[in-house]
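> I'd like to ask some things about the structure below.
The values are calculated or read from the model by the stated rules, or taken from the named source; none is laboratory data. In this text, all values refer to a predicted model and were calculated from it rather than measured experimentally. No Cβ is skipped: glycine too gets one built from the backbone with ideal geometry, and neighbour counts run over all protein chains shown.
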Amino acid sequence: MNYYLGASRMNNQTVSSAFTLGALICIGLSILGYLLADSLPRMKAMDRTVSVKGLSEKEVPADIAIWPVRFNIAENDLVKLFAGIEEKNARVVEFLKARGFEDAEITISPPSVQDRHAQGYVNIRDIPFRYTANSTITVYTRKVDAVVDGMKQLIELGKHGIVILGEDYDPKAEFLFTGLNDLKPEMIEEATRNAREVAEKFAHDSQSRLGKIQTASQGQFSIDNRDSNTPYIKKVRVVSTVQYYLVD
């Protein structure tokens, strides 16, 4: 008799525990369902974003100039050829120093000499000069304005019998801008501000408000000539991409 009574009590406890566990599970599922139902609209709202680009551009003067002055000379006598190169090199250096350039800014490269009789595919009788040479004198300077003015005055060397080679096939003058790091903070700020103005306009037109930034990326800076006629004026450009949340 006691055995059956103990078994009955154990069965009642098992049923009670199972009922309690089931009730707790139901309550938990109900709470989870409520939380999911409440959070889904919020999650959906967080998915509403707008991606915009902001541009910043500045025109700046170049701060370094690399100016190769190149001329050619022809002779039938090799000794006279090198004597002529030395004379004309000295004349070019004198021309450059007269325009404010110093020795440290001027480099004379070794001449390039060609023996045209050594070329087997030409008729020697058709060649008036056996030897030809090119000499290059390069100016590397921060006096950009002096280089621009000097390039306009190269005709003066022609008056001394120096044939200056054009830039079609020869090294051209280069103008560089090295002050990018000083411009970066201001230009990034401007690009970001422009991006936000575009985003605010979009949010207003869509009857929303602009939220926090979701992602932002800074594009690469580019430095180009403003145009082909003024390579000593540079255009610095950067585009930033910013993605904002939209809220009601």
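> Can you pull out the residues in segment 221-230 that are assigned to a strand (DSSP E or B) and either of a type outside the set (Ser, Thr, Tyr) or surrounded by 18 or more Cβ atoms within 10 Å (Cβ to Cβ) (or both)?
Listed by number, the residues that qualify are Ile223, Asp224, Asn225.
> Hey, could you check segment 72-99 for residues that are β-branched (Val, Ile, Thr) and within 20 Å of His160 (Cα to Cα) and say which is surrounded by the fewest Cβ atoms within 10 Å (Cβ to Cβ)? Can you show your working first?
Applying the first criterion (β-branched (Val, Ile, Thr)) to segment 72-99 yields 73, 79, 85, 92-93.
Next, from what is left, pick out any that are within 20 Å of His160 (Cα to Cα): 73, 85, 92-93.
Values: Ile73: 23, Ile85: 21, Val92: 24, Val93: 17.
Here the residue is Val93.
> Now, a different point. Restricting to segment 132-160, name every residue that is surrounded by fewer than 14 Cβ atoms within 10 Å (Cβ to Cβ) and hydrophobic (A, V, I, L, M, F, W, C).
Across segment 132-160, the qualifying residue is only Ile155.
> Please count how many residues of segment 108-144 are touching a residue at least 12 places away in the same chain (Cβ under 8 Å) and either basic (Lys, Arg) or assigned to a helix (DSSP H, G or I) (or both).
Counting residues in segment 108-144 that are touching a residue at least 12 places away in the same chain (Cβ under 8 Å) and either basic (Lys, Arg) or assigned to a helix (DSSP H, G or I) (or both) gives 6.
> Hey, Lys172 hits all of (1) assigned to a strand (DSSP E or B); (2) under 25 Å from Trp67 (Cβ atoms); (3) at pLDDT below 95 but one; which does it fall short on?
Going through the list (1) assigned to a strand (DSSP E or B); (2) under 25 Å from Trp67 (Cβ atoms); (3) at pLDDT below 95, Lys172 breaks only (1).
> State whether one or more residues within segment 100-107 are touching a helix residue (DSSP H, G or I) at 6+ places or on another chain (Cβ under 7 Å), at pLDDT 95 or above and surrounded by fewer than 16 Cβ atoms within 10 Å (Cβ to Cβ).
Yes, the conditions are met somewhere in segment 100-107.
Let's see how each residue does on (1) farther than 30 Å from Leu96 by Cα; (2) under 17 Å from the mean Cα position of the chain (by Cα):
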{"residue": "Gly179", "(1), (2)": "no, yes"}
{"residue": "Ala195", "(1), (2)": "yes, no"}
{"residue": "Lys212", "(1), (2)": "yes, no"}
{"residue": "Thr215", "(1), (2)": "yes, no"}
{"residue": "Phe221", "(1), (2)": "yes, yes"}
{"residue": "Gln243", "(1), (2)": "yes, no"}
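> Inspect segment 78-101 for any residue being in the same structural domain as Lys172 (by TED's automatic domain parsing), among the basic types (Lys, Arg) and within 34 Å of the chain's Cα centre (by Cα) and give the result as yes or no.
Residues of segment 78-101 in the same structural domain as Lys172 (by TED's automatic domain parsing): 78-101.
Applying the additional criterion that residues be among the basic types (Lys, Arg) yields 80, 88, 91, 97, 99.
Pick out the ones that are also within 34 Å of the chain's Cα centre (by Cα) and you get 99.
Scanning segment 78-101, I find at least one residue that is in the same structural domain as Lys172 (by TED's automatic domain parsing), among the basic types (Lys, Arg) and within 34 Å of the chain's Cα centre (by Cα), so the answer is yes.
> Another question, if that's okay. Quick one: is Ala195 buried (at least 17 other Cβ atoms within 10 Å of the Cβ), aliphatic (A, V, I, L, M), in a helix (DSSP H, G or I) and in contact (Cβ under 8 Å) with a residue 60 or more places away in the chain?
Judged against the criteria, Ala195 is a match.
> Return a yes/no flag: does segment 208-217 have any residue that is in a helix (DSSP H, G or I) and modelled with pLDDT under 95.
Looking for residues that are in a helix (DSSP H, G or I) and modelled with pLDDT under 95, one finds none in segment 208-217, hence no.
> Return the total of residues in segment 52-97 being closer than 30 Å to Gln220 by Cα and part of a strand (DSSP E or B).
14
> Checking the structure you have, find out if any residue of segment 231-238 is out of contact with any Phe, Trp or Tyr (no Cβ under 7 Å at 6 or more places or on another chain) and loosely packed, with under 13 Cβ neighbours inside 10 Å.
no
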